[in-house]
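Working notes, structure below.
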2 protein chains.
Amino acid sequence: MPSSHRYPDTDRAALYRAIAERRDMRHFLPGQTVAPELLQRLLQAAHWGPSVGFMQPWRFVRITRPALREQLHACVERERQQTAQALGERQAEFLRLKVEGIRECAELLAVCLADGRERHVFGRRTMPYMDVASVGCALQNLWLAARAEGLGVGWVSVFEPAEVAALLQLPEGASPLALLCIGPVAAFYDEPMLQQQRWASRAPLADVVFDDAWGGAANWLTGDTY
Amino acid sequence: MPSSHRYPDTDRAALYRAIAERRDMRHFLPGQTVAPELLQRLLQAAHWGPSVGFMQPWRFVRITRPALREQLHACVERERQQTAQALGERQAEFLRLKVEGIRECAELLAVCLADGRERHVFGRRTMPYMDVASVGCALQNLWLAARAEGLGVGWVSVFEPAEVAALLQLPEGASPLALLCIGPVAAFYDEPMLQQQRWASRAPLADVVFDDAWGGAANWLTGDTY
């Protein structure tokens, strides 16, 4: 088996370190900035992500006006209340969580799906939502790159997309998918914040891997891996 | 601004290298294997991806039976023909593309959305498809880790999900999102294969970044970045 494409051990370790240490951050240091060239490097990382049929469905709107940031925060707060009501018995627990760092983070981006996506049939004729999957891939590049640069990133999806679309003057057919908080943090959570806060916990790997059919035991897995 | 969270230069470079060199592979070396511990490491990388509300919606079905692999290949071939017909004037061009390496790749995984997702409201009450985005994030971890390990990965979404679900005996509510080809390759494409084959090209970064509203010029970007 050719091994020439494998990275040196220290380089592979760096990638796995970023994967393990990346967190969905909600606690940002206020009053900070991100150098434009660094922000551009992170956007480049996202833009080099894969996309179904190479359609590149992502559009990034950088929020620079304080009033617009406040309006977006208000959108999120409205949906936070709606989500709480929909959660039934977990309502109070949910309301105690900090679900966003929109007011404090150095940079705020709205990540949107572009308009005119219907013509992109390659790889999404039967699954139009593959464009959403592609944006997930792209943002993971940005998320990991940010961690390596020492910056926190938080993906906020607690909003009504139509409200955010109106604020950003999106064309018909375009749709917001993420409010992305980016910026310096005091510290990264040792484990996912939602696990720290006991909202949920990481499942054992063996719970999510099957052989050949749903529920088929993957006996080749070793150890207690999470 | 605290810089202590930033990785050493060589480690950051390694991450950006993986981001830049990762490709959607369709050409795999036949007759190869992937050591189980390596496959597990890749799945772990995916499993450490972010997920909306920490819901961890991904399930991985490893395909070990040759007959099942052939059936899945047949699904993809059927949809490849359907997609071609839907493409109109680009039909012939599309049919010349190699869109999958299912028969040759060392390992084949079906990545599915789990059943019972409707109860996960946190972060997806207004956007249920955030679970799809999460799977994209998880698979990007796997994709980058595989590149660092010297392995190619290709995401195939050219299939009718109901057909694949039946073959894998997925429960009601679960849904396949990807057929993932993983394995050694002779070489990684110098640029995305679809760009090499002139299907599409990478847009300039300035085309996908706006300030404050759709279409607002992001004048802070520098250089001709792609």
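The values are calculated or read from the model by the stated rules, or taken from the named source; none is laboratory data. Being a predicted model, the structure only gives us computed values, none of them experimental. FYI the Cβ positions are ideal-geometry reconstructions off the backbone, even for glycines, and counts take in every protein chain you see. These area figures cover heavy atoms from the full protein model, side chains too; ligands, DNA and RNA do not enter into them. Shrake-Rupley method; radii C 1.70, N 1.55, O 1.52, S 1.80 Å.
By the 4.7 Å beta carbon criterion, which cysteine residues of the protein assembly as shown come out unpaired? When partners are defined as cysteine Cβ atoms under 4.7 Å apart, the protein assembly as shown leaves A:CYS75, A:CYS112, A:CYS137, B:CYS75, B:CYS112, B:CYS137 without one.
Per-residue ellipticity at 222 nm computed for chain A from its helices equals -11500 deg cm²/dmol, with DSSP H segments shorter than 4 residues left out and the rest contributing -39,500 (n - 2.57). Tell me whether chain A comes out rounded, prolate or oblate; compute the Cα gyration tensor, take square roots of the eigenvalues as a ≥ b ≥ c, and use a/c under 1.5 as the rounded threshold. Cα axes put chain A in the rounded bin.
Membrane-span-like helices in chain A, defined here as complete DSSP H runs extending at least 15 Å along the helix axis by their C-alpha atoms with mean Kyte-Doolittle hydropathy no lower than 0.5, are A:130-149; this is a sequence and geometry rule, not a statement about a membrane. Were the residues from B:ARG78 through B:ASN219 laid out at 0.36 nm apart, the gain over their Cα-Cα distance would be 46.1 nm.
Solvent-accessible area per residue in chain A equals 38 Å², computed with a 1.4 angstrom probe and all protein chains kept. The value of relative contact order for the stretch A:81-226, using C-alpha pairs under 8 Å at least six residues apart, is 27 percent. Three principal axis extents describe the C-alpha atoms of the protein assembly as shown; from largest down they are 58, 47, 42 Å. The equivalent ellipsoid of the stretch B:142-226 has semi-axes of 34, 22, 13 Å, largest first, where each one is the square root of 5 times an eigenvalue of the Cα gyration tensor. When chain B is treated as a Gaussian network with alpha carbon springs shorter than 10 Å, the biggest mean-square fluctuation among B:ASP190, B:ASP11, B:ASP207 belongs to B:ASP207. Sorted from shortest to longest, the distances between the A:ALA187 label points of this copy and the other copies are 4.9 nm, with each point 7 Å from Cα along the line through the beta carbon. Per residue of B:55-67, other chain Cβ atoms within 10 Å of the residue Cβ number 4 on average. Here the peptides B:90-99, B:77-86, B:142-151 are ranked by packing, the mean other Cβ count within 10 Å, and the order with the highest first is B:142-151, B:77-86, B:90-99. The three principal axes of the Cα atoms in the stretch B:1-91 give end-to-end lengths of 55, 38, 35 Å, sorted in falling order.
Of interest is the spacing of the C-alpha centroids, which for the stretch B:132-194 and the stretch A:138-182 amounts to 23 Å. Take each residue of peptide B:158-168, count the partner chain Cβ atoms within 10 Å of its Cβ, and average: the result is 3. Interface between chains A and B: roughly 10400 Å² of accessible area buried, both sides summed (probe 1.4 Å, protein heavy atoms only). With only Cα atoms counted, the stretch A:73-190 has Rg and Dmax values of 16.1, 45 Å. Given a 1.4 Å probe and every protein chain left where it sits, what share in percent of the accessible area of chain A is carbon and sulfur? Carbon with sulfur: 47 percent of the solvent-accessible area.
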